[in-house]
Amino acid sequence: MNLNSFSKPQIAIVAAVLYTAIMGIGMFYMKTFMGITYGQPEMMNLLWFILILLNIVNIFWVTRYFSWQAIGFRRLNRQQLLWFLPLIAVLIATWVVFLSGLARVSLSAAQWQSFALVGFTTLLVGFGEEIMYRGIVLHAFLTTGRVRWAMLVSAIAFALLHAVNVFGGVPLLAVPIQLLNTFQFGFFFAPLMLKLNNILPLIIFHWLWDFVQIVAPSLVDEQTATAMRSIVQLSDPIELIGGIVMWLQIKQVPERAIADLPKPVNL
C-alpha cells in the first residue's frame, strides 16, 4: 500500500488500526493457544514480544511519515506541569504505599524476575501507546485545524485499543467499564500533551502507573493492595475535572504542535 498520497489523518487511522489489530491477534493467541487469560502474570511472557513488534512498527510510522519532533519530542513547557501535579501526587502516593508493603516481604528469585519483566513490558506499553495515540493520532488530526476533534479522536482510538482485551479473556460485560476508564485517561492526556508540548512526561507516567498496578497484587499483602486501590480512585475526579477544564481552555490548534509535521511526498 502506497501511503504517500494519503493525508496525515488517513495515515494515522491506518497506523492505529494496525496497532489495534496486532494487539488483538496477540490477545487471541495468548488465550486460545497458550491458555493464558488477560490479567494473569504469565501474560507478560508473551506481551513483551508483541510490544517490541508494535514499537518497531511505531518507529516506522514516525520516521517515514512524521518526525520525532512533530509527534511530541519538543521543548517542555514547564509552567504547564501544574496541570499534571495532582495526578503525579496520586502516582507518588501509590508508589509510597506499594514500596512500604514491598519492604515487609521477602521476594524469591522468580518474583524478582517477574518484577523486572513487568517493568520492561510496561515501559514498552507506555512508550508504544503514547507514541501512537498522543503522538501520531493526535498530531495527525491536528492538521485538520479542529483541535477538539483531534483530542476526541485520540481519546476514542486509545479506548478502542482496549476493546481487544475481550479476546484475551476479559468478560464481555467488563469491557465497557474498561473502555470508559481508558477513554477518561485519554480525555485527560490529549489536552495535557498540548499543554506540556512534550510527550516524554506522559510516557514516564504511563509506564510507572501501569507498572505499579500490575506488579503490586502478586507481591504485597491485601491491606497494602486495598490502600493502593483507594488512592488510585482519586485519579478519576482529577482526570475528569482537569480534562474538562483543559478542553474548555484549548480552543485552537497550537501552532507549535503542527509546525514540524512534514508535508506528504509524492513518489
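The values are calculated or read from the model by the stated rules, or taken from the named source; none is laboratory data. Just so it is clear, the structure is predicted and the values come from calculations on it, not from any experiment. Please note: Cβ atoms are built from the backbone with ideal geometry, for glycine as well, and neighbour counts cover all protein chains shown.
The residue list Leu87, Leu124, Leu82, Leu76 contains one member that is in contact with a Ser or Thr (Cβ under 9 Å, 6 or more places away or on another chain) and modelled with pLDDT of 95 or more, which is Leu87.
In segment 12-61, of all residues being part of a helix (DSSP H, G or I) and small (Gly, Ala, Ser), the one that is farthest from Leu138 (Cα to Cα) corresponds to Gly26. When segment 36-74 is examined, which residues are found to be under 16 Å from Leu124 (Cβ atoms) and not hydrophobic (A, V, I, L, M, F, W, C)? Hits for segment 36-74 are Asn45, Asn55, Asn58. In segment 208-220, the qualifying residues are those that are in contact with a Gly (Cβ under 7 Å, 6 or more places away or on another chain) and buried (at least 20 other Cβ atoms within 10 Å of the Cβ), and the one that is farthest from Val105 (Cα to Cα) is Phe211. Kindly establish whether Ala70 is crowded, with 16+ Cβ neighbours inside 10 Å, in a helix (DSSP H, G or I) and more than 15 Å from the chain's Cα centre (by Cα). No. Mind checking whether some residue in segment 1-11 is in contact (Cβ under 8 Å) with a residue 24 or more places away in the chain and under 19 Å from the mean Cα position of the chain (by Cα)? Checked against the condition, which is being in contact (Cβ under 8 Å) with a residue 24 or more places away in the chain and under 19 Å from the mean Cα position of the chain (by Cα), segment 1-11 yields no hits at all.
Of the residues examined, Ala225 is not one that is part of a helix (DSSP H, G or I) and farther than 18 Å from Gly39 by Cα. Could you please let me know if Val220 is at negative phi, among the hydrophobic types (A, V, I, L, M, F, W, C) and not in a helix (DSSP H, G or I)? Answer is yes for this residue.
All of (1) more than 20 Å from the chain's Cα centre (by Cα); (2) among the hydrophobic types (A, V, I, L, M, F, W, C); (3) surrounded by 18 or more Cβ atoms within 10 Å (Cβ to Cβ) hold for Val96 with one exception: (3).
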